[in-house]
Amino acid sequence: MNSVTDLLSAVAIIFLVTGPFLLAANRLELPTVPFFVLAGIVAGRFIEPALLLELAYYGIALLVFTFGAQINLSGIRTVIADGELAGLGQILIVGSLGVGFSVALGVPPTEAIYLGIAVALSSTIVGTALLQRTINADPVRGRLVRSIQFVQDLIAILAILLLGAGTLEAGYVGPALAAGAALLLAAVFVNRYLFDLIGRLAGGSDELMILGVVALLTVFVGAAEFAGISIVVGAFAAGLAVRYDPVNYLGLFNGLQSIRDFFVAIFFVTIGALVVFPFVGAEWGESVEILLLVAGLVVLTAIVKPAVTTAILIARGYEARSATLASLNTDQVSEFALIIAIQALTLEALSPAIFDAIILAAAITMVTSSLTHQYGERIYRTLADRGVITGRHDRIDEWSDVPDDIVDHVVIVGYGRQGRSLVETCEAIDHPYVVIENDPNRRDIVTSECDAVVIGDAMERYTWEKANVGDAKLVVSTVNSLPVSRRILSLDTDAEITLRAADRATALELLDEGALYVGHPDLLAGQQLAQQIRELFDGDLTREELRENQRAELERRADHVPLHLR
Amino acid sequence: MVAEPALTVDFAIILLSATLVGFIAKRTGQPTIIAYILAGVILGPAVLGVVQVSELTELLSELGLAFLLFLLGIKMRLDEVQHVLKPIVKISIPQMIAVFLAGAGISLALGFSSLEAFLIGLAVMYSSTAVVIKMLTDKDEATSLHGKIDVGVLLIQDIVVVIILAVLAAGRPDDLAEVATTLAVVLVLVALITVAAVLASRTVLPIVFRRIADNKEVFFLVAISWAFLFVFVSDNVNLFLAPLGIEAYLSIEMGAFMAGLAIAQLPYSKELQDRVNPLTDLFVMVFFVSVALDLEAAQLLAHWQEAIVAALVLMPVKFFVFFYLIDWQGFDHETTFLGSINMIQVSEFGIIVAAVAFEGGFIEAEVLGFMTLLAIFTMGVSVYFIEFNHALFERFEPTIDRWTGDAEFEGGKRGYRDHAVVIGYDEVTKNALPLLADRYEDVVVVDRTVSHIEALEAEGYDAIYGDFRNSTIRKDAAIKKADFVLSSSVQTEVNKALLREVSENATVFVEAERVDHARDLYANGAHCVIMAPHLAADRLADYLRAYLEGDDDVIEGAIDGDVELLEKPDPFPNAHDRLGGELRD
């Protein structure tokens, strides 16, 4: 192979090869990470990956650093407090399965740990990218996934710290933990007392601010190296040291994003370039072994992991559908597993064959993950119809409270702003109603504030049975989700239906399909906006009067908004 | 095969010292370039000797120059540059000849040999691309008229450098014919690469970038990939041509510039500038630090008196040569003065030419040291002249008037003032556009969706493609001078940053989703916060009440009205008339 020795050419080749792969990823609407790895496998034929390792380490550092930088220190306690610790149980179960499977295949136990980590953790980058398409439509699932991933990422950092020496020797772990804790304390100190000093010294120059923060990163990374622990821990601490304040440091966060994208691309491509593709570069016997391992990892990650997670979430009281869909978001190998793998490879704690298996499994599951995300609804439906996943009606029964004789009532779907004001209206004119809400976090509020509630998923038949929709007068959905809207239209009821839509085209479609009325908040907002601008321009109101009126209106409204929505 | 997971200390030291010196420079009002060069001198063998040029720093500084030129390319819209093309050629060629003669002359006078004097003359002809473009970009003057002239001249100088380097790299030429061949090959290559870039910007690029423009990460990285395609070809052009028996070199800067130029012709270039800028800043910093990293103190200082004398002679010579030539082309006094004062330094290419000549055995290390010192010194001094160029012009304007000819050249760009800015085009903000268009001469809409931009431009609005969080975009929309600003972002931090930047007299409408966000925004000076979900909640509750109380006429009328509104493809112009007809009245 004629490897390029010149660093500039190597970097140029990386990006040259990556470009077309990114175009393909964009075209297929798939996440970019697996395509970087694929590009790396191709680029690896022209370049010597060892040449790029140092640049790749900057990629790792920046990746972890930006993860840390986006954590708001003052908010971290509440995130962990109401975060979903289901992640922990899942990691333990799936991780042990991964280790067991690898040992059964003859992998030495010290290396099997890495395989266990690879299957247990899921990718925040891929998960978040996929979620962005549905996040508004399904807030419960979005919050669930994010908190699971957050817990996992913290565990990953801890794993990196502990595995920093390649083995779990007692003589290493103690000092390493101490050093890690010291770095985190230093980070908190910088965040509280020194960070604004950097801001002041930079004097409003984005260039100096970015430079200062990158220098801060190198100091922490250097300190981690000096203490003999992984640079990843240093980079994470440096991220925490950065005050997450996008208002004051808008240019900083945008700038870091570019620098990060550049180096992270190099990291993922380098990872791919390190892979020896089975049958192409390796021998037959070895290739079969690797493929077996890859297949096992893929099954564990893409099937066992979501299954375990779903089971745990259902046991914790989540609706079967939300639990399944959220779990399907975690069915890929984490980028942190890649970092752990490359670190172990350089420490020679991991054999190249097993490294290859982890990387290939990561690339494969990241692609399959976006498919399961796309068809999640259908997967759930199929499984539910065959009785593989059974929603637990006893929970719905236990939590819900609907009078048996309720008729001619209004069914209100969703207890947000709109739901709340609808409930108030019904109560004011003393009309019977039932609220359907599926967010366990809102359960207490809904049950304490409303006369009749069903805590359940609007996609499920049982929920509607429970709400006695057959005898209802009207169904008002305040949920901004097309599947839910379609589901409601397909209900077997004489009740009239009003829905909510995110855009005009959908609204018109739903009207065609039989809805009495479809609310479209933007339409109203647009009207109000035009009216106010007109009043201002016509001189009916001065800017100050407008402002005072609006503020008064806001305070009037604020009294009507449930606490959790303020 | 795999190295230890350690990051080199050298780069960390460079970063830290550059940051510290940069902070000090900022405090004392000095330009950052000076800070970086100074950091290099301190770290290099001339003072402390703690850092050596490693492969990584060399890469980053190469990338720094390449990205600087790429960024510059992205800013060059051909239709804006075309009109200065001819004068630029007429200025740059005589300028280089004149400065070459002056440089060779002063070198002879200072006691250098005739070959050395000849090469020094060749090395001092160019002005510094890195310094001038960095300063112009920092001062936001790269696309002003004098900026365009300077950039154009620098690029022509760049081509000449490439040719001279190609000749020098080939060793001592046997005859003039060989020189002529090399020259012809380089010119053909430059022409080819230009044609390739222009063709791509007309054919492939618009299609590709339109598809990816809505994905921030892919958009940025594909653009970088495009830049590296040109960098790679330029860097390895020798390998490609070797089978044909042709020996030729192109600078990676030239390739990067052409790659940028091709993208600049697309409507998405503004957004890209802001994405490339931070990377460029970081890499260019490494470039300036490493300028002085290579040289021993003894070599650097062997001819320090000569270097200072040469600098003191060459800077005014360069200024007057440029001044005379730009004035001769009929530009106005201010453009002439600014265009000349920016270009008085000796380029980093001077050092490179000298370094290649040193390796080719044409000159001694001490002469290379002399060139380096000359370049650093003139760059350092010129940075101050560029920094204060407008103040200098005002001070000397009466004198300049007497020397200059009549201004015949028209050009320049009109900026926005007292206009309306709309951030985000959606179902809410589109209602406001016709009202704003009636009231304001300019309505600028910033949006990140390609199809929106196309629709807006078809409607005759000024549309800027990009993310409002980026400073270039904010500058482009002249947010500080706007009289009316409407933001459809529901992100409080974006809106707060906006409120901080607008002028006191501006009327600001923003959107919010939560009550406490809205309160916060009013406290920060917003005049109206639109809360779509709350409005919808009120309206829906009204409808429900009417429905349950059996007010069928009212409910049907209202619902039909809403449906009619929904069906209207164009929500203006009559939509506002209906607003009185809400249920409550």
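Every number here is computed from the coordinates shown, using simple stated rules; none is lab data. Since this is a predicted model, take the numbers as computed values, not measurements. Glycine gets a Cβ as well: all are built from the backbone with ideal geometry, and neighbour counts include every protein chain shown.
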Please report, in whole Å, how far the alpha carbons of chain B spread along each principal axis, starting with the longest.
105, 70, 50
Ellipticity estimate at 222 nm from DSSP helix runs (n ≥ 4, -39,500 (n - 2.57)) divided over the protein assembly as shown, nearest 500:
-21500 deg cm²/dmol
Does region B:493-564 come out rounded, prolate or oblate, given a ≥ b ≥ c as the square roots of the eigenvalues of its C-alpha gyration tensor, rounded meaning a/c under 1.5 and, failing that, prolate meaning a/b above b/c?
prolate
Cα-based equivalent ellipsoid, region A:7-385: semi-axes from gyration tensor eigenvalues, Å:
30, 26, 22
Degrees, to the nearest 10: B:365-387 long Cα axis against longest axis of chain B:
40 degrees
Rg and Dmax [Cα atoms of region A:334-397; Å; Rg one decimal, Dmax integer]:
18.6, 56
For chain B, give the share of DSSP beta bridges that are antiparallel, in percent and rounded to the nearest 5; count only bridges with both residues there.
0 percent
Exposure proxy ranking, count of Cβ atoms within 10 Å, fewest first, for B:H333, B:H390, B:H146
B:H390, B:H333, B:H146
Taking a ≥ b ≥ c as the square roots of the eigenvalues of the Cα gyration tensor of the protein assembly as shown, is the shape rounded (a/c under 1.5), prolate (a/b larger than b/c) or oblate?
oblate
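What FRET efficiency do you get for B:E454 and A:R45 if R0 is 56 Å and r is their Cβ-Cβ distance, rounded to the nearest 0.05?
Details: r = 41 Å, r/R0 = 0.73.
Given R0 = 56 Å and the Cβ-Cβ separation, E is 0.85.
Between B:A177 and B:A297, what is the FRET efficiency for a Förster distance of 51 Å, r being their Cβ-Cβ separation, to the nearest 0.05? Could the numbers behind the result be given before it?
Values: r = 43 Å, r/R0 = 0.85.
Given R0 = 51 Å and the Cβ-Cβ separation, E is 0.75.
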Could you give log10 I(q)/I(0) at q = 0.17, 0.23 Å⁻¹ for region A:173-238, computed by the Debye formula over C-alpha point scatterers of equal weight, without solvent?
-0.59, -0.90
Can you bin region B:60-132 into rounded, prolate or oblate? Criterion: square roots of the alpha carbon gyration tensor eigenvalues sorted a ≥ b ≥ c, rounded for a/c under 1.5, prolate for a/b above b/c, oblate for the rest.
oblate
Within chain A, which complete DSSP H helices have Cα atoms spanning at least 24 Å along the helix axis and a mean Kyte-Doolittle hydropathy of 0.5 or higher?
A:7-28, A:49-69, A:86-104, A:139-162, A:170-189, A:206-227, A:250-274, A:352-374
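In chain A, what % of DSSP beta bridges are antiparallel (nearest 5)? Write down the numbers at each step before the final one.
Values: 1 of 19 bridges.
Around 5 percent antiparallel, to the nearest 5.
Return the subset of B:K90/B:K480; B:K430/B:K496; B:K148/B:K430; B:K430/B:K481 for which the Cα-Cα distance in this structure is over 27 Å, preserving the input order. It would help to have the intermediate numbers written out before the result.
Values: B:K90/B:K480 39 Å; B:K430/B:K496 22 Å; B:K148/B:K430 37 Å; B:K430/B:K481 22 Å.
Pairs exceeding 27 Å: B:K90/B:K480; B:K148/B:K430.
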Once the Cα atoms of helix B:114-124 and of chain B are each reduced to a long axis, what angle between those two axes, in degrees from 0 to 90 to the nearest 10, is obtained?
10 degrees
Taking placed amide H atoms and a strict 5 Å upper bound, the residues 5 or more places from A:Y433 or on another chain that come that close are A:V410
Looking at this model, which pairs from B:K26/B:K75; B:K75/B:K139; B:K139/B:K475 are more than 23 angstrom apart at the alpha-carbon?
B:K26/B:K75
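Using alpha-carbon pairs under 8 Å, 6+ residues apart, how would you state the relative contact order of region B:1-126 in percent? Provide the component values of the computation, followed by the final result.
On the way: 69 pairs, mean separation 18.4, N = 126.
About 15 percent, as a whole number.
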From phi via Karplus (6.51, -1.76, 1.60), per-residue ³J(HN,Hα) for region B:266-282 in Hz, x at Gly/Pro
8, x, 9, 5, 4, 4, 5, 3, 6, 7, 7, 3, x, 4, 4, 3, 5
Counting only C-alpha contacts under 8 Å and six or more residues apart, can you give the relative contact order of chain B as a whole percent?
16 percent
So the angle from the long Cα axis of helix B:85-109 to the longest Cα principal axis of chain B, reported in degrees to the nearest 10, equals 30 degrees
Can you sort A:I429, A:I533, A:I71 from fewest to most other Cβ atoms within 10 Å of each residue's own Cβ?
A:I429, A:I71, A:I533
DSSP beta bridges in the protein assembly as shown: the antiparallel percent, rounded to 5, is 5 percent
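May I ask you to derive the FRET efficiency for B:T203 and A:A178 from their Cβ-Cβ distance with R0 = 56 Å, giving the value to the nearest 0.05? Spell out each step's value before the answer.
Details: r = 61 Å, r/R0 = 1.09.
About 0.40, to the nearest 0.05.
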Suppose each label sits 7 Å from its Cα in the direction of the beta carbon; what would the A:V103-B:R211 distance come out to in nanometres?
4.9 nm
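Return B:T28, A:T66 ranked ascending by Cβ neighbour count within 10 Å, so the fewest neighbours appear first.
Values: B:T28 8, A:T66 20.
Lowest to highest Cβ neighbour count: B:T28, A:T66.
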